[in-house]
1. Ratio of Rg to Rh for segment 1-154, alpha carbon only, Kirkwood?
2. Can you give me the convex hull volume of the Cα atoms of segment 8-71, divided per residue and expressed in Å³?
3. Based on the mean of other Cβ atoms within 10 Å per residue, sort peptides 148-157, 101-110 so the most packed one is first.
4. Give the shape of segment 84-144 as rounded, prolate or oblate, defined through the alpha-carbon gyration tensor: a ≥ b ≥ c are the square roots of its eigenvalues, a/c under 1.5 means rounded, and otherwise the shape is prolate if a/b is larger than b/c and oblate if not.
Amino acid sequence: MERSQQKQIVEALIVAAGEPVSAARLAEIVPALDASDVAGLVAEITRDYEDQGRALEIWEVAGGYQLRTHASVAPYLRLLHRERALRLSRAALETIAIVAYRQPITRAEVEHVRGVEAGPVLKSLVDRKLVRIAGHREVPGRPLVYATTKRFLEVFGLGKLDDLPTLREVEELLPPPDAAAQVTPLELESAEVGESAPSPSELH
């Protein structure tokens, strides 16, 4: 099979997939394609999009490839869906950051870091499939432990957990203490092709 045909099939599979599709899975489907060659084909498709000025781009997230709309057209997509993007309160962002960097982690450990009760926030994050229950800590009482999900990687545009910024990089992005009161909930937009906008409700 010619490379142009392989590229066409890979593009079609990524477009049709409802979630990120891995290089291994693409190689299973596309004739004579090795998993190690998938990244090169995807890079060629991406360059084609850029050269043509397309509104689409392929992201490597959650261990696979996913077609998304370009950030520049996000305002128009919001008008189409007539829904607000997923909104996370500061408490939710702090909680999910703690889980992401210290997982697996118990609710008590989250509360120790934040200094406040974390049950409702953790439940909201679990309901929105950003955090999952990952088992029990083998200590007296066997408390539940929490970890992030594949959906978390998709929403935050991460290929894997190792792609999280270092804590030093996070500190550099945080506003100065006197500006903390002015911080508003962060809007996280899912621009996945064929997927409706996330729930408009806020996490608290």
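1. Over the Cα atoms of segment 1-154, Rg/Rh equals 1.09.
2. 78 Å³
3. Values: 148-157: 19.3, 101-110: 17.2.
Taking the mean over residues of other Cβ atoms within 10 Å, the ranking is 148-157, 101-110.
4. prolate
No value in this document is a laboratory result; all are computed from the given coordinates. Just so we're clear, the structure is a prediction, and the values are computed from it rather than from any experiment. For neighbour counting, all protein chains shown are included, and Cβ atoms are generated from backbone atoms with ideal geometry for every residue, glycine included.
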